[in-house]
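The values are calculated or read from the model by the stated rules, or taken from the named source; none is laboratory data. These numbers come from a predicted model, not from an experiment. Positions of Cβ are generated from backbone atoms using ideal geometry, with glycine treated the same way; all protein chains shown enter the neighbour counts.
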Amino acid sequence: MDPVIWHNPRCSKSRDTLALIEARGLRPRIVLYLDTPPRPAEIKLAATLLGVPLRDLIRSKEKAYLELGLDDPTLSDDHLAALLSEHPQLIERPVVFSHGKARLGRPPEAILDIL
């Protein structure tokens, strides 16, 4: 099964991660998540497969982070996932899925153990 990558072609880490996958002869399914945002359930599943709290998928340095009140520790995962689906630029990138696991490509080599 070829991997899936939530990809942003303007991000150097995302481009490097994609290149690393392709250099291994794999043909990933590329999801341009800014154009086709993942549904809230997919975002929650990504956090589960990564083994991290959902908040770890949020880009807290983005302007929208504070504008949307995402710094509020009382927000539920359901609320956070809905906001991330509506504002996919806040999703940490890239996320790679393969063999029922997920890894964040920061650094890109972090994905190698699931390919």
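Within segment 54-75, is there a residue that is modelled with pLDDT of 95 or more and under 19 Å from Asp113 (Cα atoms)?
no
For residues that are polar (S, T, N, Q) and part of a loop (DSSP other than H, G, I, E, B), scanning just segment 54-109, find the one that is farthest from Ile21 (Cα to Cα).
That would be Thr74.
Among the residues of segment 16-51, count how many are in contact with a helix residue (DSSP H, G or I) (Cβ under 9 Å, 6 or more places away or on another chain) and of a type outside the set (Ser, Thr, Tyr).
Qualifying residue count for the region: 22.
Working carefully through the options Leu49, Leu18, find the one that is over 16 Å from Gly100 (Cα atoms) and in a helix (DSSP H, G or I).
Leu18
Is it true that Pro37 is modelled with pLDDT of 95 or more, of a type outside the set (Phe, Trp, Tyr), surrounded by 16 or more Cβ atoms within 10 Å (Cβ to Cβ) and part of a loop (DSSP other than H, G, I, E, B)?
yes
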